[in-house]
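This report refers to the structure that appears directly beneath it.
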Amino acid sequence: MNLDDPRAASATPTVDLQPSGDSGNGARTPVTPYPQRRATDHPVARHLPASILSPPTPPPPPHLDDYQPIVGQNQLDMLRYLARELKGKTIKMVNSTAVGGGVAEMLNRLVPLLSELEVPARWDVITGGNDFFEITKAFHNALHGASYELTKSAQDIFLMYNEQNRERMQFDEQMVVIHDPQPVGMIRSKEKSQAHWVWRCHVDLSNPDAKVWEFLRPFVEQYNSVIFSSQSFARQLPIPQYLFYPCIDPLSEKNKDLPASQVQKICDDFGIDRSRPVVTQVSRFDRLKDPVGVVKAYKLAKKYVDCQLVLAGGGASDDPEGAVVLQEVKEAAGDDPDIIILDLPPWCALEINAIQRASTIIVQKSLKEGFGLTVTEALWKAKPTIAGAVGGIPNQIVHKLTGVLVHSVEGCAFQIRYLLTHPEFARNIGVSGREHVKENFLMTTNVKRWLLLFRVLEKLKDRNSSA
Amino acid sequence: MRKPQKPFYFNTSEHLLRIGRQKAGTLSELRHAIETCPEDSIFQHTFRTLQEHHFIRQGFSNDFAHWSLSACHEPALAEQLASVDVREFTAIEGLRRRMVEIVDEFLQSHERSGSRPASEPFYFCASDIVVLPTAFVPDTLKGFLDGINQVSVHSIHHHFIEARLRIHRMSNDFSQWLEEEAGLQDAADAIERIDFYTNTLEGVRRQIAGIVSHAMNN
């Protein structure tokens, strides 16, 4: 779920944005005001405060020194040292959307930071018609394992738009990074360029539709290297594969520190009683996030411990399936006044931040997951976190050390009871979880990985040319 | 105590993770992969993982032990693998052989465990290492103490834990410098005895600083 306002994406002077107007997953959606019908008449669905019904003005992107209080001067010195050897060398990032979605969100931060380190990064966005983005959305789903009939016509449309974009782009940089499958065909310009070509795959390729993967694989194999978000997402390929964990920005609206008074006000607005334990799951209303399972776990736990359950998410207004799942959640919740269901607009990052900070425990009981950045967000706030052992979550949660992993409703219920009744253990795993994020999953670590990769590839090139 | 002749160069190392080709779905496959994987994979899952999890005080030793427990539910094997102290090895090959021996011994007495599928695979990784200098190059004990207090924990890991693979001695860079340059044999020995498996790297830093501080004042 992208809870940041897609319209709030902040372009920087060094970013060449050519917004395609798509929503991040390939589906083009018009920008419309958020519907006022959020306030439903269901007993447990809360009325939303008027203050969040329209998007806020985005804050300016942070500078490197803004991260110093969080990661320390040593980290910033190290980034500057790494960048020094690359000074003046340039990077091009290419993806399929300028606004919305995790990739654009990450690039919005990464590109200005690299440029501030005097490794100028240019960000180009491919364009395409609805036919192209419908196909790439289908590819995306097929790579996640959905069945898909790959036609010759779909292949032709995919290749045609890739060629159109390739012809209008220059590849004069020293490193070209192509994000995800949509622009994968840009590799055809490799022969004419001196760059290292890197394919950054944000998609889980562990169980792809065979035909779609076989169509894409010849492109992928022409790259110099590929990057995955988890070792479990990778394929066997004849090129080096690197592991870059996704990251969160500790200075974003979703993750920055908040004054206690602001957290309290937002809880008051939503009717969350902070004098009693709060168990929260933040995720869109999607069956793969198992919100009904969370309600069941809460009800099992509540036989023994007093608590409230907050289910904060979105996606029910623009996704027909989301609306159905929201209805299922409401039915499972029944008339329990301690279950607070919040169907929030996508720009409510600050509100989500406050709710996470006000929570006693955070749950992410996903049945299938990408990397699971909501888990990263929870850990960053030092919250004891219970999560399904799926996707990239085990990379973040070392069981009983940085959080707890569960495999069932009953397991989740037990861990809610245990953490609520063992606050010292809960506090310890929360503290370790935050350290784990600080070490491995922050934006500054992401900047470091790009600089390291660039240096390693440059060294390889030097070695090859001298040989 | 004497005035050091050579400065101590505080460096740090950063790692770029690579996804390896080996993957294990059972303990037998793990044993085979440990035996055949590149040395930098063994380094990654033992020395390097300690750095990635430097904030955990106890309960984390190496990735093989962690996987044996969390994915194979074999606590006895996990305990044995976790008990392997990387400081006993000055070369990766010795560490690899020890890990293989432990898994072999376990599988000989638990035959059925070898082929039982794990709940999730073990993916072998490795890392490209980039060593970087820091601003700290002291040539006095006081400057050395300042460096210990101010460098990143990655630098502490680089000099205290990874060092023995570089210098091929059962020691570490700090102890070696204190002994050879400052003549502080007792402090060098005390630092070598610090147990980092029951400490965070911040805790290790504090203990080293305490030992150096004590040596300066005596």
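Only aspartates and glutamates eight or more places from B:Lys23 in sequence, or on another chain, were considered; those with a Cα closer than 14 Å are B:Glu35, B:Asp63, B:Glu120.
Cross-link partners of A:Lys303 among lysines, defined as those whose alpha carbon lies under 29 angstrom from its own and excluding same-chain residues fewer than eight positions apart: A:Lys289, A:Lys330, A:Lys365, A:Lys368, A:Lys381, A:Lys383, A:Lys400.
In terms of the mean number of neighbouring beta-carbon atoms within 10 Å, the peptides A:376-383, B:42-49 order highest first as A:376-383, B:42-49. Inter-chain neighbour count for A:389-396: the average number of beta-carbon atoms from partner chains within 10 Å of each residue's beta-carbon is 1. In vacuo Debye scattering of the protein assembly as shown, one point per C-alpha: log10 I(q)/I(0) at q = 0.06, 0.08, 0.10 Å⁻¹? Normalising to I(0) and taking log10 leaves -0.36, -0.65, -1.03. Counting only Cα atoms, the size of the range B:16-127 along its three principal axes is 35, 30, 25 Å, in decreasing order. Averaged over the residues of A:229-239, the number of partner chain Cβ atoms lying within 10 Å of the residue Cβ comes to 3. Could you state, as a whole-number percent, how many of the C-alpha pairs of the range B:43-200 are farther apart than 21 Å? The share of Cα pairs beyond 21 Å in the range B:43-200 comes to 52 percent.
Note on A:Asp131 and A:Glu328: their simple-model spin labels are 3.6 nm apart, each label 7 Å out from Cα toward Cβ. Ranked by the mean number of other Cβ atoms within 10 Å of their residues, highest first, the peptides B:88-95, B:182-189 come out as B:182-189, B:88-95.
Can you tell me which of B:13-20, A:420-427, A:106-113 comes out highest on packing, and rank the rest after it, using the mean Cβ neighbours within 10 Å? Before the final figure, lay out the partial values.
Details: B:13-20: 21.2, A:420-427: 13.6, A:106-113: 22.9.
Going from most to least packed, we get A:106-113, B:13-20, A:420-427.
Of the trypsin sites (Lys or Arg not before Pro) found in the range B:152-186, the ones in coil according to DSSP and having at most 14 other Cβ atoms within 10 Å of their Cβ are B:Arg169.
Hey, what angle do you get for helix A:73-84 against the long axis of chain A, alpha-carbon based, 0 to 90 degrees rounded to 10? Orientation of helix A:73-84: about 20 degrees from the principal axis.
Just check the range A:194-286 against the gyration tensor rule for me: Cα atoms, a ≥ b ≥ c as the square roots of the eigenvalues, rounded for a/c under 1.5, and otherwise prolate or oblate depending on whether a/b exceeds b/c. Write out the running numbers ahead of the final one.
Working: a/c = 4.22, a/b = 2.50, b/c = 1.69.
Cα axes put the range A:194-286 in the prolate bin.
The ratio of the alpha-carbon radius of gyration of the range A:324-377 to the globular-protein estimate 2.2 N^0.38 Å is 1.28. Calculated on the alpha-carbon coordinates, the convex hull of the range A:52-135 measures out at 137 cubic angstrom per residue. Reported value for the range A:341-467: 141 Å³ per residue, from the convex hull of its C-alpha atoms. According to the Cα-based calculation, Rg over Rh for the range A:106-240 is 0.96, with Rh computed by the Kirkwood formula.
Which value, in debye to the nearest 20, describes the size of the charge dipole of chain A about its Cα centre when Lys and Arg Cβ atoms bear +1, Asp and Glu Cβ atoms bear -1, and nothing else is charged?
On the way: 52 positive and 54 negative charges, 207 e Å.
Taking the Cα centre of chain A as origin, the dipole is about 1000 debye.
Per residue, the average separation of C-alpha pairs within less than 8 Å and at least 6 apart gives chain A a relative contact order of 17 percent.
Of all lysines in the structure, those lying under 23 Å Cα to Cα from A:Lys89, and not within fewer than 8 positions of it along the same chain, are A:Lys190, A:Lys192, A:Lys448, A:Lys459, A:Lys461. Helix A:260-270: angle to the longest alpha-carbon principal axis of chain A, degrees 0 to 90, nearest 10? The helix A:260-270 is inclined about 70 degrees to chain A. P(r) tail for the range B:124-199: Cα pairs beyond 19 Å make up 39% of the total. The calculated FRET efficiency for B:Met170 paired with A:Leu460, based on their beta-carbon distance and R0 = 35 Å, is about 0.55.
Within 10 Å of each Cβ in B:128-138, how many Cβ atoms from other chains are there, averaged over the peptide? The partial results should precede the final answer.
On the way: counts 9, 2, 10, 0, 5, 1, 4, 4, 1, 0, 0.
Mean partner shielding for this stretch: 3.
Would you work out if the range A:260-440 is rounded, prolate or oblate? Take a ≥ b ≥ c from the square roots of the eigenvalues of the alpha-carbon gyration tensor; rounded if a/c is under 1.5, else prolate when a/b is larger than b/c, oblate otherwise. In terms of gyration-tensor shape, rounded. Share of pairwise Cα-Cα distances greater than 12 Å in the range A:283-332 is 62 percent (whole percent). When you filter the GluC sites (Glu not before Pro) in the range A:134-183 for DSSP loop state and at most 15 other Cβ atoms inside 10 Å of their Cβ, you are left with A:Glu149.
Bear in mind these aren't lab numbers, they're just calculated from the coordinates by the rules spelled out. Just so we're clear, the structure is a prediction, and the values are computed from it rather than from any experiment. Methodologically, a virtual Cβ is constructed for each residue, glycine included, from the backbone with ideal geometry; neighbour enumeration extends over all protein chains shown.
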